[in-house]
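Report on one structure; see the data block that follows.
Only the coordinates and a few stated rules stand behind these numbers; no lab work does. Predicted model, so just to flag it, every value in this text is computed and none were measured. Glycine gets a Cβ as well: all are built from the backbone with ideal geometry, and neighbour counts include every protein chain shown.
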Amino acid sequence: MKQWNELTTAGGTGVHPAGPIIAARGLTRVYPLEACEVIGINEVDLEVRAGELVVLKGDSGSGKSTLLALLGGMDRPTRGCLIVAGQDLSTAGVWDLTRFRRVVVGMVFQSFNLLPTLSALENVCLPALLAGVSYGKVRSKAMELLAWLGLESRVHHLPGQLSGGEMQRTAIARALINDPPLILADEPTGDLDSANGHRVMEHLGELNRRQGRTVLIATHSTLADPYATRTVRLKDGGIAEMTWAD
């Protein structure tokens, strides 16, 4: 199997430097519920250029998490077209979606989703090991990421021995281990105090500003606002407002 550095080049993902990394047209997700249907998102048109940091805002139920799940290949649209990093996710097969999630997208969740029996280092290494990269190379890269995130003294601690901020930073390192061009974060500061929330946002902002990663953050918080190149406000499953930073 190819290693991550071979798969995340422009040729590997189909991303053209001047083109959008995300292109959605009429994107709709409807969930059947007994005798009725629940609309997650409805007829969303959205383009995101490589290198943007987009903040998704909206009340609970507005469609933020549904949109991120579709962009991350974790859910399928009911109708509409969705192309992310050159991959048509509306028609992709199971293997294509698995490879897409492994190579193109790094996910950061509010609940961290760390495996409780693995150390911080082992949690970070796991996605790359599953991609077939050698342990020596993975371990070295994971140590670098954890050190960058200020966790060099916590690498052998289990998640239950880490603070909330440390767990979220471990989750960020795990999201970066395969060098994905796209980072999706769903309420990444939701379970953190203000100080840790600011620290997490500084790291996500640095990924965007200094490394050129495309970042989408769904959040109720205002902590992400200073880092946004664009804010997209969702309401009732659709885009209600879009504003660009000055």
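When Ile217, Ile239, Ile41 are sorted by how many other C-beta atoms sit within 10 angstrom of their C-beta, beginning with the fewest, the order is Ile239, Ile41, Ile217. How large is log10 of I(q)/I(0) for segment 133-204 at q = 0.13, 0.19, 0.25 Å⁻¹ when the intensity is taken from the Debye formula with one equal scatterer per alpha-carbon? For segment 133-204 at q = 0.13, 0.19, 0.25 Å⁻¹, log10 I(q)/I(0) is -0.37, -0.79, -1.25. Only lysine pairs 8 or more places apart or on separate chains count here, and in the chain those with Cα atoms under 26 Å apart total 4.
By the helix-only formula, in which each DSSP H run with n ≥ 4 contributes -39500 (n - 2.57) and the sum is divided by residues, the chain has a 222 nm mean residue ellipticity of -9500 deg cm²/dmol. Helix 194-209 and the long axis of the chain differ in direction by around 80°, with both axes built from C-alpha atoms. Take the chain and mark each of the GluC sites (Glu not before Pro) that is in a DSSP loop with at most 16 other Cβ atoms within 10 Å; the longest unmarked stretch, sites excluded, is 35-151. A full extension of the chain between Leu115 and Ser153 corresponds to an added length of 11.8 nm, given 0.36 nm per residue minus the alpha carbon distance. Centre-to-centre, using Cα atoms only, segment 204-235 and segment 93-116 are separated by 19 Å.
Summary value for segment 4-244: 27 percent relative contact order, contacts being C-alpha pairs under 8 angstrom separated by 6+ residues.
Ranking Cys36, Met201, Leu89 by Cα position along the charge dipole of the chain, where only Lys, Arg, Asp and Glu carry charges on their C-beta atoms, puts Leu89 farthest toward the positive end. The slack in the chain from Glu202 to Asp236, taken as 0.36 nm per residue of separation less the alpha-carbon distance, amounts to 9.2 nm. Normalised Debye scattering of the chain at q = 0.09, 0.16 Å⁻¹ gives log10 I(q)/I(0) of -0.37, -1.20, counting only Cα atoms as equal scatterers and leaving out solvent.
Annotation for segment 102-210: trypsin sites (Lys or Arg not before Pro) lying in DSSP loop with at most 15 further Cβ atoms inside 10 Å of their Cβ are Arg210.
If neighbour count is taken as other Cβ atoms inside 10 Å, put Thr66, Thr229, Thr222 in order from fewest to most.
The fewest-first ordering by Cβ neighbours comes to Thr222, Thr229, Thr66.
Rounded to the nearest 20, the Cβ-based charge dipole of segment 4-244 about its Cα centre (Lys and Arg +1, Asp and Glu -1) stands at 520 debye. Each of Val94, Val108, Val124 was scored by other Cβ atoms within 10 Å of its Cβ. Arranged with the fewest first, they read Val94, Val108, Val124. Only one residue of Ser119, Phe100, Trp148 has its Cα farthest out toward the positive end of the dipole of segment 66-188, where Lys and Arg carry +1 and Asp and Glu -1 on Cβ, and that residue is Phe100. Taking label points 7 Å from Cα along the Cα-to-Cβ direction, Asp59 and Trp95 give a separation of 4.6 nm.
Tally the DSSP beta bridges in the chain and give the antiparallel ones as a percent, rounded to 5.
Expressed as a percentage, antiparallel bridges in the chain total about 55.
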